Amino acid sequence: MKLSTKLKLSFCLVTVLPILLLGVAVVGFGTMQIHSLEKNYGVEDAGHYFLSNPIHLYEKYIQNIKTEVENVIKEDLSKLSDVEYLNQLNKKLMEKHSYLIVQRAGELIYVGKSENLSKLESRLKQFFEEDGDASSVYVSEGMQFLIKEMSFAYEDKTEGRVFLVTEMTDILPQMKSFIYELLVTLVLVALLTGVVLTFWIYKSVMFPMRRLHEATCKIAQGDLNFTLEEEAKSEDEFGYLFQDFEQMRIRLKQNAEDKLQDDAQSKELISNISHDLKTPITAIKGYVEGIMDGVADTPEKMERYIHTIYNKANDMDKLIGELTMYSKIDTNRIPYNFNKVRIDSYFEDCIQEIGMELEAKGIELHYFNYLSPDIIVIADVEQMSRVINNIISNSEKYIGTKKGVLNIRLNEEGDFVHIEIEDNGRGIGVKELPLIFDRFYRTDASRNSSQGGSGIGLSIAKKIVDAHGGKIWATSKEGMGTTMHIILRKYFENYGKNAENENVEQSSGENEQSSQREDDKKG
């Protein structure tokens with residue numbers, strides 16, 4: 001559940017739940033107290049009187065005693081002069097928080113409780129001056145009295161009155177208990193609701209915060225080997241935060257691993273470069289010392305020494321050039337100059353340039369163009385030439401001692417141009433094949449540094465092809481040769497300039513075309 005939803009729900013519960021629970025408590029306690037009133041005081045339908053008019057409840061409360069007094073007045077007035085009977089009657093009233101007052105000829109002849117009599121004198125005087133039965137509620141100095149008055153005449157015709165006085169503040173202790181219980185219930189409900197909801201929100205907020213604190217401490221200490229996947233499964237705001245945090249942790253860990261890998265590759269690169277540079281420098285130094293010592297004592301020797309020095313210097317220059325190029329490509333500092341290029345014309349020019357060099361090295365070059373006329377691609381001619389040259393240079397180095405054959409094919413596959421450069425060299429092992437485009441990678445068996453190069457030629461080629469929105473991969477069979485595959489998207493006028501940056505979907509050209517002619521493949 002989202003935190004915002006929890007807060008809204010908490011607000012509703014804090015507002016509504018205490019009211020509902022208090023209502024339940026009122027109904028429950030009220031029912032219990034009404035039953036208690038009816039049971040203890042013999043008042044039927046006490047709830048109705050209590051809610052509608054409490055005074056009637058009080059009247060009902062002592063109604064039986066009032067009836068008894070009325071019967072005595074009618075049947076046996078002598079009892080009202082009998083102190084013993086009056087004491088018995090007053091005792092019954094005292095049980096109901098009431099007492100008896102009897103007046104004869106204007107004088108009080110019996111007072112059941114004299115404690116609060118002074119507070120009633122003015123009110124009783126008013127009753128003395130009135131005729132007939134009456135009842136009244138009298139309030140004096142915080143005391144509340146219900147006075148029931150009955151008039152009669154003694155046998156000697158003297159005036160008599162009986163007063164049933166009920167102290168309303170003491171008549172129903174259950175009322176006080178009821179109010180007390182309601183107040184306690186209200187406090188408990190509010191406290192319980194607050195504690196439960198506070199703990200609920202606390203758990204929803206503080207536990208994730210504590211987990212995030214632990215995670216940040218681990219990251220600060222360089223420990224990225226933990227996971228927040230379980231916490232990220234939560235669908236609230238903290239779940240989204242954990243997802244972002246987990247993505248950050250994964251990225252940081254990947255960056256740290258990449259940095260370690262880069263450091264290792266950089267050390268390997270320095271080691272390889274040191275070895276690759278040491279060989280030509282040692283050769284140059286040796287030949288220069290030979291010239292200085294007069295070993296090259298004939299024009300033919302001198303020319304051979306100088307030619308060797310020149311070739312070694314060229315090897316060093318080529319190696320440094322490759323490193324410089326890779327550094328620029330790796331930091332995206334090469335400005336590509338994309339143009340519309342007729343792919344068949346471009347490769348015809350390439351064949352003319354490299355054909356003579358390959359022929360001089362004893363390598364046969366075969367070119368096969370199966371494209372429709374005038375197919376155009378968007379490419380940087382200079383950088384694509386670097387890709388072709390790097391691939392061909394690799395093929396030259398690893399053809400071995402047998403007669404070299406190099407086949408270049410241009411195939412059309414739907415909206416793509418498929419370029420194949422096939423050699424008959426040593427081939428590459430299955431395990432090593434996926435790694436040949438990694439920077440600085442050279443197999444120990446067939447790509448060792450003694451062959452020259454830095455091991456970044458194919459990595460440069462891959463970055464350039466990727467920048468063209470294309471794809472490059474290799475297929476190989478050990479002992480039979482290697483084929484490099486390049487896929488480029490065709491240019492169509494309705495694509496406009498957006499075609500330059502479109503990604504290439506992997507085409508079915510990864511497999512060799514079954515319809516290719518057998519005579520295209522040479523040894």
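The values are calculated or read from the model by the stated rules, or taken from the named source; none is laboratory data. Predicted, not measured: the structure shown is a model, and the values here were computed from it. Cβ atoms come from the backbone with ideal geometry, glycine included; neighbour counts cover every protein chain shown. We work out accessible area using only protein heavy atoms, side chains counted, and drop any ligands, DNA or RNA first. Shrake-Rupley method; radii C 1.70, N 1.55, O 1.52, S 1.80 Å.
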Could we say that Ile408 is modelled with pLDDT of 85 or more, in contact with a strand residue (DSSP E or B) (Cβ under 7 Å, 6 or more places away or on another chain) and farther than 28 Å from Thr279 by Cβ here?
-> yes
Residue match in region 248-260 (condition: under 20 Å from Met209 (Cα atoms) and surrounded by fewer than 16 Cβ atoms within 10 Å (Cβ to Cβ)): yes
| said: With the structure loaded, tell me whether Phe163 is at negative phi, at pLDDT 80 or above, surrounded by 18 or more Cβ atoms within 10 Å (Cβ to Cβ) and not in a loop (DSSP other than H, G, I, E, B) or whether it fails that test. | reply: yes
With criteria (1) open to solvent by 20 Å² or more (accessible area, probe 1.4 Å); (2) modelled with pLDDT of 85 or more; (3) touching a helix residue (DSSP H, G or I) at 6+ places or on another chain (Cβ under 7 Å), Gly414 comes up short on (3)
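Take the conditions at pLDDT below 85, out of contact with any strand residue (DSSP E or B) (no Cβ under 6 Å at 6 or more places or on another chain), open to solvent by less than 70 Å² (accessible area, probe 1.4 Å) and acidic (Asp, Glu) and apply them to Asp297. Does it pass?
No, not satisfied.
Here are Gly106, Gly112: which of them is modelled with pLDDT of 85 or more, closer than 24 Å to Ala153 by Cβ, among the small types (Gly, Ala, Ser) and touching a helix residue (DSSP H, G or I) at 6+ places or on another chain (Cβ under 9 Å)?
Just one listed residue meets the conditions, Gly112.
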Problem set entry | Yes/no for Val381 being at pLDDT 90 or above and either surrounded by fewer than 21 Cβ atoms within 10 Å (Cβ to Cβ) or under 48 Å from the mean Cα position of the chain (by Cα) (or both) | yes
The number of residues in region 315-346 that are part of a helix (DSSP H, G or I), in contact with a helix residue (DSSP H, G or I) (Cβ under 9 Å, 6 or more places away or on another chain) and open to solvent by less than 70 Å² (accessible area, probe 1.4 Å) is 9
Residue count, region 72-98, condition part of a helix (DSSP H, G or I) and either small (Gly, Ala, Ser) or in contact with a Ser or Thr (Cβ under 6 Å, 6 or more places away or on another chain) (or both), comes to 2
Checking Ser385, Ser372, Ser345, Ser395 in turn, the sole residue that is of a type in the set (Ser, Thr, Tyr), on the phi < 0 side of the Ramachandran plot and touching a residue at least 60 places away in the same chain (Cβ under 8 Å) turns out to be Ser395
Selection over region 368-419 where residues are of a type in the set (Lys, Arg) and not in a loop (DSSP other than H, G, I, E, B) yields a count of 3
Residue set Val24, Val69; condition within 60 Å of the chain's Cα centre (by Cα), at pLDDT 75 or above and of a type outside the set (S, T, N, Q); output residue Val24
### Query
Do we have any residue at all in region 280-290 that's among the small types (Gly, Ala, Ser), assigned to a helix (DSSP H, G or I), under 60 Å from the mean Cα position of the chain (by Cα) and on the phi < 0 side of the Ramachandran plot?
no
Here the residues within region 210-234 that are open to solvent by 40 Å² or more (accessible area, probe 1.4 Å) and within 12 Å of the chain's Cα centre (by Cα) are Glu229, Glu230, Glu231, Lys233, Ser234
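Rundown of residues vs (1) modelled with pLDDT of 85 or more; (2) of a type in the set (Lys, Arg); (3) outside any helix (DSSP H, G or I), yes/no style:
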site	(1), (2), (3)
Asp438	no, no, yes
Tyr441	no, no, yes
Ser454	no, no, yes
Leu458	yes, no, no
Ile464	yes, no, no
Thr475	yes, no, yes
Thr483	yes, no, yes
Arg489	yes, yes, yes
Test Leu277 against the criterion of being closer than 30 Å to Ser266 by Cα, touching a residue at least 60 places away in the same chain (Cβ under 8 Å) and in a helix (DSSP H, G or I), and give yes or no. no
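What number of residues within region 185-200 satisfy the criterion of being surrounded by 15 or more Cβ atoms within 10 Å (Cβ to Cβ) and either outside any helix (DSSP H, G or I) or within 27 Å of the chain's Cα centre (by Cα) (or both)? Show your work before the answer.
Taking region 185-200 and keeping what is surrounded by 15 or more Cβ atoms within 10 Å (Cβ to Cβ), we get 185-186, 189-190, 193, 197.
Within this subset, residues satisfying the condition of being either outside any helix (DSSP H, G or I) or within 27 Å of the chain's Cα centre (by Cα) (or both) are 197.
Final tally of qualifying residues: 1.
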Counting only residues that are modelled with pLDDT of 90 or more and over 18 Å from Gly425 (Cα atoms), region 354-371 contains a total of 4
Only one of (1) farther than 30 Å from Ala25 by Cβ; (2) touching a residue at least 60 places away in the same chain (Cβ under 8 Å); (3) β-branched (Val, Ile, Thr) does not apply to Ile201, and that is (1)
